[in-house]
Amino acid sequence: MESLYGTWPWYVSGFLIGGVMLALLYFGKTFGMSSNLRTMCTMLGAGKTSEFFKFDWKTQRWNLTVVLGAMIGGYIAVNFISDPAQMVQINPKTITELQAMNIDAPDGKLLPDALTSTEALQSPKILGILLLGGLLVGFGTRYAGGCTSGHAITGLSNLQLPSLIAVIGFFIGGLVMSWLLLPLFFN
Amino acid sequence: MKFIKFLFVGIVFGIVLTKSEAVSWYRIYEMFHFQSFHMFGIIMTAVVVGVIGVQIIKRTNMKDITGAPIVIPDKEKGFTGYLVGGTLFGLGWGLIGTCPGPMYILIGAGFYGIGVILLGALVGTYLYGVLKNKLPH
């Protein structure tokens with residue numbers, strides 16, 4: 001049975017995420033999380049070397065506030081409304097597949113220890129994987145003009161063909177990585 | 001405080017993404033291997049709610065909180081950038097299971113190792129800015 005402390009059902013979660021997107025429209029803004037990466041680059045001085053970062057980052061303070069809220073939300077969710085015994089109950093077949101790659105089963109954890117435990121973070125290989133993954137996400141999202149929030153949620157909701165193309169790209173890349181490349185990274 | 005509403009929206013977003021486990025590497029792996037309907041259900045429900053909401057906004061010419069008409073900017077026409085950029089994004093998403101929203105959420109939730117991913121994403125964004133004019137879009 002579902003409880004507040006376990007995994008929230010997809011229909012509740014999807015409804016609320018759609019609601020977040022619509023709430024931002026009502027507040028006169030457009031939902032998009034990856035724009036904040038560009039804003040942060042600008043704040044760090046990237047405008048000195050690239051035109052792309054020359055804009056007044058203060059116009060994006062509202063979005064940075066959403067980021068701050070999201071961090072607080074993550075903190076609240078993990079510390080006050082989580083019961084590991086009822087969380088991340090994934091397909092047993094998935095767990096078997098992951099074992100073959102030496103990736104630990106969730107057992108109520110959101111992320112595998114193989115990626116984010118203190119021990120894993122001392123491995124140059126794991127640090128390289130995290131950095132490479134971040135690099136691909138950061139580069140790809142700007143090249144595609146948006147991420148899961150900007151394209152998959154906002155763009156598709158507004159029936160934008162470019163967003164559909166981008167989302168197809170997300171899945172091409174994700175499927176290639178997950179099926180073909182991931183086993184080469186973890187073995 | 002005009003920023004309070006954005007803080008509130010962010011908090012709801014962070015809680016929902018954590019509690020739906022869309023921030024979980026396991027859920028993303030499971031999605032790409034079609035071993036659960038969960039993530040597909042989340043995205044589809046969000047889009048259905050979004051499409052209905054956007055249609056209502058457009059057909060009733062709804063105004064935003066300041067009284068200005070709500071405008072959702074159209075995405076620029078194009079193909080290559082969306083497909084290639086999207087595919088690169090997907091390669092990263094499939095590897096680390098973290099898209100830009102969850103990066104911040106997970107750091108807030110105490111997974112400080114995700115800071116390495118955020119660093120990578122900032123470098124990636126910067127590289128795109130530098131190379132933008134040389135890339136096909």
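So here's what we get for this one:
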item	result
Residues (charged (D, E, K, R) and free of Cβ contacts under 8 Å to residues at least 24 places away in the same chain) located in segment A:9-57	A:K48, A:E51, A:K54, A:D56
Options A:A114, A:A100: the member that is surrounded by fewer than 16 Cβ atoms within 10 Å (Cβ to Cβ) and more than 7 Å from every other protein chain (Cβ to nearest Cβ)	A:A100
Criterion (over 30 Å from A:L131 (Cα atoms), modelled with pLDDT of 95 or more, among the small types (G, A, S) and open to solvent by less than 10 Å² (accessible area, probe 1.4 Å)) met by exactly one of B:G41, B:G50	B:G50
Options B:L83, B:L91, B:L131: the member that is assigned to a helix (DSSP H, G or I), more than 7 Å from chain A (Cβ to nearest Cβ) and open to solvent by 30 Å² or more (accessible area, probe 1.4 Å)	B:L131
First in segment A:75-96 and under 13 Å from A:L4 (Cα atoms) and surrounded by fewer than 19 Cβ atoms within 10 Å (Cβ to Cβ), second anywhere and of a type in the set (K, R) and modelled with pLDDT of 95 or more, Cβ under 7 Å, 6 or more apart	A:I81/B:K19
Qualifying residues in segment B:1-36 (those that are out of contact with any helix residue (DSSP H, G or I) (no Cβ under 7 Å at 6 or more places or on another chain) and open to solvent by 10 Å² or more (accessible area, probe 1.4 Å)) - the one nearest to the other protein chains (Cβ to nearest Cβ)	B:K5
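The values are calculated or read from the model by the stated rules, or taken from the named source; none is laboratory data. None of the values given here were measured: they were computed from a predicted structure. Counting neighbours? That spans all protein chains shown, and the Cβs are built from the backbone with ideal geometry, glycine included. Ligands, DNA and RNA are stripped out before the accessible areas are found, and what is left, the full protein with its side chains, is counted by its heavy atoms. Shrake-Rupley method; radii C 1.70, N 1.55, O 1.52, S 1.80 Å.
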